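Here is the structure we will look at.
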Amino acid sequence: MGVAQAPGRFGTDPDFGAAPRLGLSERIYAGLLLAYPGQFRKRYADEMVLLFGDQLRDARAANGAGVTATWIRTLLDLVSSAVGEHLRKDRDMAQSLATFEPTRSMRGLGLLAVVGGCLLIGVFFWTGLFAGPDNTVRLVLFALSGAAVGLAFHRRQSAVAPRLALVATAAVVVAGLWYSTSNILALNAPRPWAGAGGLVYSLSSMSLWLSAALFGAIALRIDAAWRGMSRWFTATARMAALILVIGGPLAALGDDRWGLTDDATYGTLISQAALLGVFLTGAGWALLGAVLALGGRGGGGSRVKA
């Protein structure tokens, strides 16, 4: 009969001595433990396999028919306890999301998003804001505003939908870093936007706008990042996510390589829509940043106890 080691730390921890060898029944039981939540398996799987093996050996020594009874009792217990562990995990997750109290790092990331978003909005009131030697700094701060919001909300979102949360966070972080790097590399370059460099910059710009829309759409779909907030903050966050969904694609229309903002050919409608998209995207990140920076008990957030 084949042999195998038990899963987890069992077989590698020196406290256990030589790695135990498992029979077919123990291996089947070890596979059935996949019904439990991952953290539970990591903590208890080794001991449970050992205990089951001991019970089987005792049953064989006392009465061969006792093996069947041991399996039946074990399976019934496994089903009931696995369901109970999943329910407990769900309750713990719900309790952890029942209140919204941002950490210092979350508030700091939120403040960065407020600064970056407001810088983009500010250009509509002061045309010289994104001109001059400090332009790259301002562009980088804006580009990182989405990444800051994504990182701040990731843990809460991943508690409900890990894969979607990973997609949303990765999109805004990668896009923000890509756009920032493109602008930094363009410093002092004689023709930074010509040829392949211009194409790379154009793609980074597109990714910046479209990742904002993607983040907003996923945030609305998950709807977990702002659980536990006060009604006012919840409404603000949802509105900001919707603003990103609308603003991102509109802003992407303004990319020079599309050529759609040529007013002589297409009129002013597309160029005005693109400008509106830029404004909305800045507003969306600034509002989500404000929710992070001001939310929680200290800022009038939810006072529901976990």
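The values are calculated or read from the model by the stated rules, or taken from the named source; none is laboratory data. Quantities reported herein were computed from a predicted structural model and do not represent experimental measurements. Quick reminder, even Gly has a Cβ in these numbers, built from the backbone with ideal geometry, and neighbours come from all protein chains shown. For accessibility, only protein heavy atoms count, side chains too; no ligands or nucleic acids. Shrake-Rupley method; radii C 1.70, N 1.55, O 1.52, S 1.80 Å.
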The stretch 193-252, subset aromatic (Phe, Trp, Tyr) and crowded, with 20+ Cβ neighbours inside 10 Å, residue nearest to Gly176 (Cα to Cα): Trp209
Answer from Ser81, Ser96 - the residue that is modelled with pLDDT under 80 and open to solvent by 40 Å² or more (accessible area, probe 1.4 Å): Ser96
Index of the failed condition, Asp46 passing every other in (1) of a type in the set (D, E, K, R); (2) surrounded by 18 or more Cβ atoms within 10 Å (Cβ to Cβ); (3) at pLDDT below 80: (3)
Breaking point among (1) open to solvent by 50 Å² or more (accessible area, probe 1.4 Å); (2) at pLDDT 80 or above, for Leu139: (1)
Test: residue in the stretch 10-22 that is exposed (fewer than 15 other Cβ atoms within 10 Å of the Cβ), modelled with pLDDT of 80 or more and either part of a helix (DSSP H, G or I) or under 41 Å from the mean Cα position of the chain (by Cα) (or both): no
Any hit, the stretch 288-303, residues being at pLDDT below 60, assigned to a helix (DSSP H, G or I) and either of a type in the set (A, V, I, L, M) or surrounded by 14 or more Cβ atoms within 10 Å (Cβ to Cβ) (or both): yes
